[in-house]
Amino acid sequence: MKAVVYRGPRDVSVENVPDPKIERPTDVIVQIRSTNICGSDLHMFEGRTDFEAGKVFGHENLGQVKEVGPAVERLEVGDWVCMPFNVSCGHCRNCEKGLTAYCLNANEPGLAGGAYGFADMGPWQGGQAEYLRVPWADFNCLKLPPDAEEKQNDYVMVADIFPTGWHATRLAGLCPGDAVVIYGCGPVGLMAAHSAMIQGACKVMVVDRHPDRLKLAKSIGAIAIDDSKGDPVQQVLDETHGKGADVGCECVGYQCHDPAGKEVPNSTMNNLVRSVKFTGGIGVVGVFIPQDPGAADKLAKKGEIVFDWGMCWFKGQHIGTGQCNVKAYNRQLRDLIHAGRAKPSFIVSHELALDQAPDAYKHFDSRDRGWTKVILKAGG
Ligand SMILES: [Zn+2]
Ligand SMILES: [Zn+2]
């Protein structure tokens, strides 16, 4: 089959690789229909992780069941399914508590959490390919309703970025009527904004500097805050009568940078502390990693930042962090899409064939204007 394979920093190619097979009785093989390129693929693409050459990318996957292992009970050939980016077993201590992003059986011993086509997240190949092996398939496949094919550009967002954006608002403790500030207007930031709107936020402020992304935020009723035109914290305070937002979301991660492009790894976290009110909450879903050998900053190489802990403590803020437990939200978000109450595909800028992936990675990585979210159509 054809697959998008990592070859080294800024080098991906579409290659023929062996088809995945049923390896355990609880597996299914899914024929991929839609698979996204994600911002977190870019950390790997840039060589800023220890992703191994030869691995297949792709953790945001939707398709149709092609082959079913003998122990799978609730899936049939032809079912349309969307897989959480988390690979999880369903029966370990963390999965049983709903913390599927920290499954104890989907990674090497001593590490928690698995994902398809991801650095340090277990042996699982990605779905930017024609076929994908899905382990513990009864647990990991979300069945889609009859409008699956027609709305696949919406449903594929349920694999990662829609629940991840939603998770940012839940970690922050958003309540109806709250004002929220979201740092980062990439796909996850836009999904956090969409989620906050659905949950009844009174004001959604999104901080970024890319005009095309800010325009998308405005198109769903958010307030665009351009940090290349002035201190974003002051702009948030001006929007909130000087008190700050009730809650804030970090949707950028460890490669956050200033408007000139220089990486300043502590900027979003410290700006959040200053932008969020006394006793407010902060949800951090942007990716931070324990080691970043490619960082320019000495502390960042060790995964550390200079954090304004004193002000955070003084303001009595609380912070929630980490990857999204997609299964905590994916049924509900699927049903919001089915009912027409959510439409996450508003961020899609490109639908391309799998063969066009190398070019798409370059454009998306350069944050070229208009390249907001790419869906690869694997065929069929
Ligand atoms: Zn993703
Ligand atoms: Zn588990």
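The values are calculated or read from the model by the stated rules, or taken from the named source; none is laboratory data. Every value quoted in this text rests on a predicted model; they were computed, and no experiment measured them. Note that each Cβ is placed from the backbone with ideal geometry, even for glycine, and that neighbours are counted across all protein chains shown. Surface areas here come from the heavy atoms of the whole protein model, side chains and all, with no ligands, DNA or RNA. Shrake-Rupley method; radii C 1.70, N 1.55, O 1.52, S 1.80 Å.
Some observations on this one:
- Going through (1) farther than 25 Å from ILE282 by Cβ; (2) within 15 Å of ligand 1 (Cβ to nearest atom); (3) buried (at least 24 other Cβ atoms within 10 Å of the Cβ); (4) not charged (D, E, K, R) one by one, VAL134 falls short only on (2).
- Taken over region 3-45, the residue count meeting the criterion of being touching a helix residue (DSSP H, G or I) at 6+ places or on another chain (Cβ under 7 Å), away from ligand 2 (no atom under 16 Å from the Cβ) and acidic (Asp, Glu) is 0.
- Among the residues of this structure, PHE364 counts as one that is over 19 Å from GLU130 (Cβ atoms) and under 16 Å from the mean Cα position of the chain (by Cα).
- For region 335-380, a residue qualifies if it is in contact (Cβ under 8 Å) with a residue 12 or more places away in the chain and open to solvent by 70 Å² or more (accessible area, probe 1.4 Å), and the qualifying residues are HIS338, ARG341, LYS343, GLU351, ASP355, GLN356, LYS362, ARG367, ARG369, GLY380.
- Of the residues making up region 63-117, those that are touching a residue at least 60 places away in the same chain (Cβ under 8 Å), within 16 Å of ligand 2 (Cβ to nearest atom) and in a loop (DSSP other than H, G, I, E, B) number 6.
- Output for region 258-311, where each listed residue is surrounded by 16 or more Cβ atoms within 10 Å (Cβ to Cβ) and assigned to a helix (DSSP H, G or I): SER267, THR268, MET269, ASN270, ASN271, LEU272, VAL273, ARG274, SER275, ALA300
- For region 118-130, the set of residues classified as surrounded by fewer than 24 Cβ atoms within 10 Å (Cβ to Cβ) and away from ligand 2 (no atom under 16 Å from the Cβ) consists of ALA119, ASP120, GLN125, GLU130, listed by residue number.
- Long-range neighbours under 7 Å by Cβ, at least six apart or interchain, first residue at positive phi within region 1-12, second outside any strand (DSSP E or B) and open to solvent by less than 10 Å² (accessible area, probe 1.4 Å): ARG10/PHE45
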